[in-house]
Structure formats: structure tokens, C-alpha cells
Amino acid sequence: MTSNITIIEMGPRDGLQNEKQTVSIENKVELIERLANAGMKAVEAGAFVSPKWVPQMAGTTEVMAAIRRKPGVSYPVLTPNMKGYEGAREAKADTVAVFGAASESFSQKNINCSIEESLERFKPVFDAAKADGVKVRGYVSCVLGCPYEGKVPVANVVRVAKALHAMGAYEISLGDTIGVGTHEETKAMVRAVSSEVPVAALAGHYHDTYGQALSNIWASIEEGVRVFDASISGLGGCPYAKGASGNVATEDVVYSLHGSGFATGLDLDALIETSVWISEILGRRPGSKVTLAKMGG
Ligand code: HMG
Ligand code: MG
């Protein structure tokens with residue numbers, strides 16, 4: 001029997017937020033539409049954050065207005081506070097995402113407040129979203145390490161994940177922001193979180209800085225996780241995690257899953273085409289081994 005795995009596409013947000021060159025609204029819209037046409041059921045489309053902090057996400061209102069939304073596909077956007085939520089509501093977002101961290105230093109650098117303060121800021125976002133019928137996803141960053149503090153105690157990850165779930169997040173995405181975790185560390189972390197939050201409400205969000213992300217996805221599958229974030233062509237990183245590379249490349253995850261008997265509903269050839277297309281626009285080689293192999297190296 002084939003099991004299903006859901007991939008949430010991060011390229012247009014986590015990917016492009018860290019891009020040095022300007023990517024036009026038109027190209028962002030085409031990227032999102034290509035990914036939805038490749039079978040994605042969720043494409044994170046942008047972020048309502050301060051344009052002074054993350055200039056690349058400044059056009060999210062325009063992007064949200066221009067995309068032709070496919071029925072059955074959701075287009076989540078990041079909302080760190082009520083100002084962000086208001087932008088998302090005006091843009092008619094169906095899903096928003098709040099993003100907290102398991103490390104105090106990262107929380108300060110990324111969203112300019114402590115972990116406790118961030119949870120307070122998220123409360124009105126959850127309330128407003130509930131009233132509007134908008135779904136809320138929750139992220140926890142630094143689940144396997146912090147660029148400022150090093151090792152992060154698993155108890156901190158569990159506490160923040162549990163808090164977001166209790167506030168009403170339908171899914172908690174566990175972020176290895178700097179891609180330092182390994183297979184066994186990931187298993188232990190997922191096991192600890194899933195003792196407090198149902199595993200069906202967990203997702204893995206693994207950056208590939210140390211080349212461990214695919215292995216960490218398999219570690220999470222062994223623990224029962226069935227939803228993973230990935231980025232087309234491995235685009236991206238986090239502006240507040242210097243040197244971190246993008247999420248694991250979507251094409252590499254899909255190749256590995258399909259080859260192992262899992263179904264994703266995604267068209268690998270269409271993903272590869274999209275990866276080549278966006279890489280040409282950015283003027284670089286694709287960041288996916290599968291795409292490079294299919295192109296002939
Ligand atoms: P702040 O400076 O503390 O906010 O920033 P403030 O409330 O004091 O407001 C200061 C100014 O920002 C004001 O404007 C506000 O209007 C404006 P001014 O009066 O100076 O002209 N402002 C906003 N503008 C637009 N959208 C908003 C907003 N809120 C306030 N929502 C804030 C706090 C969170 C806004 C800021 O720190 C920020 O934007 N940070 C960027 C965070 C970010 O986008 N990080 C990258 C995404 S997270 C990530 O990549 C990790 C993840 O992938 C998981 C993983 O890998 O671990 C999700
Ligand atoms: Mg990320």
C-alpha cells in the first residue's frame with residue numbers, strides 16, 4: 001500500500017526572502033503558479049513582515065493579488081504580529097503562519113522580541129484568524145541548533161511547539177533553521193515533541209546547510225511525520241541565520257519519496273522544469289542534485 005506524504009513548497013518565501021538580487025513580482029507569481037500546477041497543495045507565497053528587515057518580501061500584497069489561485073491549493077503567508085495579519089487579511093490569505101523560536105537569541109534577532117513576548121503577539125493573530133475562518137500554521141525555529149546559542153535543549157522545542165498547538169495552530173513546522181541536525185538527533189527531537197503534540201500535527205522544515213536534510217526527513221518519517229517543507233531548487237536561507245542554506249530541494253525529496261513507494265501527488269518533471277527556469281532567472285545552477293542529474297550534470 002502506498003502512503004502519502006504532503007510537501008509544502010517554501011521556495012517563493014523561505015527561498016526568495018534571502019535572495020540578494022531583486023526578483024520581479026511577475027517572476028514570483030509565475031513561480032507560485034508553476035509550483036501549484038506541478039501538484040503542490042500548499043505554496044507559501046510571501047511574508048507580511050517589515051520591508052526594512054526583509055526587503056525581498058515587500059511585494060507580497062502585489063503577489064497575492066496577481067496569482068491565479070487554484071481551487072484546493074492554499075497560499076500561506078507569514079504574519080509575525082497583528083500588522084502582518086491585517087496585510088494578510090486584506091490580501092485574502094486562506095492560511096497564515098506565525099513563527100516562534102526555541103532559542104531566545106534567535107527570537108530577538110529574527111522578530112525583535114523574547115519567546116514569551118512572541119507568544120503574546122501571536123494571541124491576537126490566532127483570535128482574529130479564528131473569527132475570519134483563516135487557518136494558522138506555527139513554526140518553531142532552531143529546533144536542532146541555534147546560530148547564536150549552539151545546542152538548543154529539546155525541552156525548549158517541546159514547550160514552544162505545545163504552546164502554539166494549544167493556541168490553535170493546526171500544524172507545527174519544526175525548523176532546523178541552520179541545518180545542523182543529524183538523523184538520530186532529529187528522531188529524538190521529533191519523539192519528544194510528539195509526546196506532547198499529536199504527530200499528525202507536526203511537519204519537518206529542514207534546511208540543508210550540512211547536507212543532512214533528506215536524512216532528517218527519513219528520521220522524521222520513521223517517527224510518524226507525514227508533512228515536510230521543501231524549497232524548489234533548494235532556494236533560500238534565513239536572513240537572521242548567516243551562512244544557512246535553503247530548505248532541502250523539493251525535487252530531491254520527491255525523487256527519494258517516490259523511489260521508496262510514497263506518493264506525493266507531485267509531478268517530478270514539472271518540478272525539475274520549474275527548478276531550471278527559476279535558476280536561469282537567478283543566473284545560477286540549480287541547487288538540486290536530481291535536477292542537475294536529469295540535466296546531464
Ligand atoms: P519591530 O521593529 O520590533 O516592530 O519588528 P515594531 O512593532 O516596533 O514596529 C517597527 C516598525 O515596523 C513600524 O514601522 C511598524 O509599522 C513596522 P515604522 O513606524 O518604523 O515605519 N512593522 C511592520 N511592517 C510590516 N509588516 C509587519 C510589521 N510589524 C511592524 N508585520 C518585526 C518586528 C517582526 C515586524 C520585524 O522584526 C520583522 O519584520 N522581522 C523579520 C522576520 C522575518 O521575516 N524573518 C524571516 C522569516 S522566519 C524564517 O525564515 C524561519 C522559518 O523559515 C523557519 C526556520 O527555518 O526555522 C519560518
Ligand atoms: Mg526556514
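In the list Leu16, Leu35, which residue meets the criterion of being in contact (Cβ under 8 Å) with a residue 40 or more places away in the chain and closer than 20 Å to Ala241 by Cβ?
Among Leu16, Leu35, only Leu16 is in contact (Cβ under 8 Å) with a residue 40 or more places away in the chain and closer than 20 Å to Ala241 by Cβ.
Among (1) at pLDDT 95 or above; (2) over 30 Å from Ala166 (Cβ atoms); (3) small (Gly, Ala, Ser), there is one condition Gly243 misses while meeting the rest; what is its number?
In the conditions (1) at pLDDT 95 or above; (2) over 30 Å from Ala166 (Cβ atoms); (3) small (Gly, Ala, Ser), Gly243 misses (1) alone.
Go through (1) buried (at least 20 other Cβ atoms within 10 Å of the Cβ); (2) within 16 Å of ligand 2 (Cβ to nearest atom); (3) under 24 Å from Ile217 (Cβ atoms); (4) not acidic (Asp, Glu) one by one and return the number of the condition Tyr75 breaks.
The single condition Tyr75 does not satisfy is (2).
Can you tell me which condition Val253 does not meet? The list is (1) within 16 Å of ligand 1 (Cβ to nearest atom); (2) within 28 Å of Gln108 (Cα to Cα), and all the others hold.
It is condition (2) that Val253 fails.
Applying the selection to segment 29-64, what residues are hydroxyl-bearing (Ser, Thr, Tyr) and crowded, with 18+ Cβ neighbours inside 10 Å?
Thr60
Residue by residue, here is whether (1) within 25 Å of Val254 (Cβ to Cβ); (2) not β-branched (Val, Ile, Thr) holds:
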residue	(1), (2)
Val125	no, no
Val154	no, no
Gly175	yes, yes
Gly179	yes, yes
Ser194	yes, yes
Pro198	no, yes
Ile221	yes, no
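Within segment 269-284, track down each residue that is at pLDDT below 95, within 19 Å of Met10 (Cα to Cα) and loosely packed, with under 13 Cβ neighbours inside 10 Å.
Residue satisfying the conditions is Arg284 alone.
Can you tell me which residue within segment 1-38, out of those that are farther than 19 Å from Glu273 by Cα and hydrophobic (A, V, I, L, M, F, W, C), is nearest to ligand 2 (Cβ to nearest atom)?
Ile5
Tell me whether segment 110-118 contains one or more residues that are away from ligand 1 (no atom under 13 Å from the Cβ) and either of a type outside the set (D, E, K, R) or modelled with pLDDT of 95 or more (or both).
The answer is yes; a qualifying residue exists.
State all residues of segment 45-76 that are out of contact with any Phe, Trp or Tyr (no Cβ under 6 Å at 6 or more places or on another chain), among the aliphatic types (A, V, I, L, M) and outside any helix (DSSP H, G or I); if no residue qualifies, say none.
If the condition is that a residue be out of contact with any Phe, Trp or Tyr (no Cβ under 6 Å at 6 or more places or on another chain), among the aliphatic types (A, V, I, L, M) and outside any helix (DSSP H, G or I), then Ala47, Val49, Val54, Ala58, Ile67, Val73 are the ones that fit.
Considering each residue of segment 78-88, count those that are buried (at least 21 other Cβ atoms within 10 Å of the Cβ) and either part of a loop (DSSP other than H, G, I, E, B) or among the hydrophobic types (A, V, I, L, M, F, W, C) (or both), and give that number.
Within segment 78-88, residues that are buried (at least 21 other Cβ atoms within 10 Å of the Cβ) and either part of a loop (DSSP other than H, G, I, E, B) or among the hydrophobic types (A, V, I, L, M, F, W, C) (or both) number 4.
The values are calculated or read from the model by the stated rules, or taken from the named source; none is laboratory data. What you see is a predicted model; the values in this text were computed from it and never measured. Heads up, the Cβs are rebuilt from the backbone with ideal geometry, glycines too, and the neighbour counts pull from every protein chain shown.
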